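The values are calculated or read from the model by the stated rules, or taken from the named source; none is laboratory data. This is a predicted model, so every value here is computed, not measured. Neighbour counts run over all protein chains shown; Cβ positions are idealised from the backbone, glycine included.
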Ligand SMILES: COc1ccc(S(=O)(=O)N2Cc3cc(-c4ccc(C=O)o4)ccc3N(Cc3cncn3C)C[C@H]2Cc2ccc(O)cc2)cc1
Ligand SMILES: [Zn+2]
């Protein structure tokens with residue numbers, strides 16, 4: 001039989017959630033100027049802020065930065081003539097960072113702080129004649145950008161601004177024979193893109209397009225003996241795939257098909273006991289990206305000391321309810 005690539009969960013790995021360590025890790029991340037992280041993550045600063053701030057919100061902790069400074073930073077990242085939002089002042093706007101900026105403002109109920117019409121104009125400008133979306137003015141097309149565009153507009157209650165039927169038509173073209181999704185039509189199925197495809201259809205109430213049990217089966221096939229989930233066959237487990245696979249299963253009403261106990265053990269083992277935060281797999285370097293997806297996955301697995309997370313938006317359920325948003329979830 002083919003040897004399955006997997007890892008061993010170390011026996012001395014953490015077995016409970018190190019809440020205080022994670023608060024410290026997020027609040028101190030990237031502060032220390034001479035450590036390599038500082039300059040490295042300029043190009044994804046606003047995304048890093050969304051990942052860190054949402055992690056803190058889910059574990060009921062406060063950011064060390066005051067909320068007005070955070071709001072002001074998002075405002076400073078909005079590009080006046082395109083309306084798009086950049087990761088960092090002086091960088092080009094991109095839909096990935098535009099979404100993160102809107103997610104941060106929505107979480108703090110401060111969407112009024114920026115030029116909403118400008119954001120709507122920017123997202124509209126990204127839609128192509130075939131219904132697809134580019135990520136920015138340079139024109140790269142990816143299913144991720146369809147998902148981020150529609151999520152951004154749904155948070156602003158402005159889905160009327162785009163050709164939704166064409167957008168849905170394009171996403172249907174990205175569905176593969178295994179019911180999974182890739183970046184573009186005929187691209188290989190990958191758990192991260194499946195999350196984008198399922199999330200998009202959840203936002204537009206069209207999960208009927210998917211053969212639910214075939215896709216749920218493909219997703220559960222990603223679980224390895226270590227309990228961890230991987231993104232494609234023959235790949236190593238990684239905690240962020242816990243989120244892409246679990247949230248997709250949650251939207252499809254098949255979360256119970258995965259072995260939650262062994263997955264929880266794997267996720268807990270990805271915590272850094274020294275400095276806090278989650279890594280992609282036990283023993284590696286923690287970062288805010290894997291921290292939010294580790295905590296959000298634990299929330300989906302029913303961890304009672306973590307706030308309920310919405311599987312479609314990866315935001316606190318209380319925020320989605322306050323905004324009156326009802327993404328489709330199959331039961
Ligand atoms: C460290 O190497 C990378 C590689 C890709 C990226 S990415 O921006 O294209 N991206 C998100 C991502 C972020 C981090 C990270 C490090 C520090 C911080 C601070 O907040 O965030 C790390 C990885 C990462 N990846 C790569 C990855 C994760 N697991 C496996 N891999 C190969 C994902 C990548 C794509 C992406 C996914 C979701 C999303 O909302 C935005 C981008 C960033 C750093
Ligand atoms: Zn990862």
Fill in the blank from the handout: The condition of being within 16 Å of ligand 2 (Cβ to nearest atom) and either in contact with a strand residue (DSSP E or B) (Cβ under 6 Å, 6 or more places away or on another chain) or modelled with pLDDT of 95 or more (or both) holds, among 253, 260, 228, 276, only for 228
Problem - Test result for residue 274, away from ligand 1 (no atom under 13 Å from the Cβ), farther than 30 Å from residue 155 by Cα and not in a helix (DSSP H, G or I) - result: yes
Handout entry: Scan of region 228-251 for residues that are away from ligand 1 (no atom under 14 Å from the Cβ), at negative phi and more than 17 Å from the chain's Cα centre (by Cα), ordered by number
Key = 233
Problem - Residue list for region 281-315, filter: near ligand 1 (Cβ under 10 Å from one of its atoms), under 18 Å from residue 262 (Cβ atoms) and buried (at least 21 other Cβ atoms within 10 Å of the Cβ) - result: 293
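Within region 108-213, which helices (runs of 4 or more DSSP H) (wholly inside it) include 3 or more residues that are more than 16 Å from ligand 1 (Cβ to nearest atom)? Talk me through it step by step, then tell me what you get.
Values: elements: 116-126, 143-155, 164-173, 191-203.
Answer list for region 108-213: 116-126, 164-173.
Name the residue, out of 96, 126, that is touching a residue at least 12 places away in the same chain (Cβ under 8 Å), within 19 Å of the chain's Cα centre (by Cα) and closer than 23 Å to residue 184 by Cα.
Values: 126 fails: within 19 Å of the chain's Cα centre (by Cα).
Exactly one of 96, 126 is touching a residue at least 12 places away in the same chain (Cβ under 8 Å), within 19 Å of the chain's Cα centre (by Cα) and closer than 23 Å to residue 184 by Cα, namely 96.
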Handout entry: Subset of region 316-326 that is touching a residue at least 24 places away in the same chain (Cβ under 8 Å) and not in a helix (DSSP H, G or I) - its residue that is nearest to ligand 1 (Cβ to nearest atom)
Key = 316
Problem - Cβ pairs under 6 Å, 6+ apart, first in region 7-29 and exposed (fewer than 13 other Cβ atoms within 10 Å of the Cβ), second assigned to a helix (DSSP H, G or I) - result: 15/268
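Taking region 279-300 only, how many residues are more than 30 Å from residue 153 (Cβ to Cβ) and either more than 16 Å from ligand 2 (Cβ to nearest atom) or in contact (Cβ under 8 Å) with a residue 60 or more places away in the chain (or both)?
Filtering region 279-300 down to residues more than 30 Å from residue 153 (Cβ to Cβ) leaves 279-286.
Add one more test, that the residue is either more than 16 Å from ligand 2 (Cβ to nearest atom) or in contact (Cβ under 8 Å) with a residue 60 or more places away in the chain (or both), and what stays is 281-283, 286.
Adding up the residues that qualify gives 4.
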Handout entry: Subset of region 277-310 (residues that are closer than 20 Å to residue 237 by Cα and in a loop (DSSP other than H, G, I, E, B))
Key = 277, 279, 280, 281, 282, 283, 284, 285, 286, 301
Exercise for the section: Name the single residue, out of those in region 47-74 being in contact with a strand residue (DSSP E or B) (Cβ under 9 Å, 6 or more places away or on another chain) and away from ligand 1 (no atom under 13 Å from the Cβ), that is farthest from residue 303 (Cα to Cα). Expected result: 74
Practice task
Scan region 75-83 and give yes if some residue there is over 25 Å from residue 154 (Cα atoms) and surrounded by fewer than 22 Cβ atoms within 10 Å (Cβ to Cβ), otherwise no.
Solution key: no
Problem - Selection count, region 71-97, where residues are farther than 17 Å from residue 42 by Cβ and touching a helix residue (DSSP H, G or I) at 6+ places or on another chain (Cβ under 7 Å) - result: 7
Practice task
Filter region 231-250 down to residues that are free of Cβ contacts under 8 Å to residues at least 60 places away in the same chain and away from ligand 2 (no atom under 16 Å from the Cβ) and give me whichever is nearest to residue 205 (Cα to Cα).
Solution key: 249
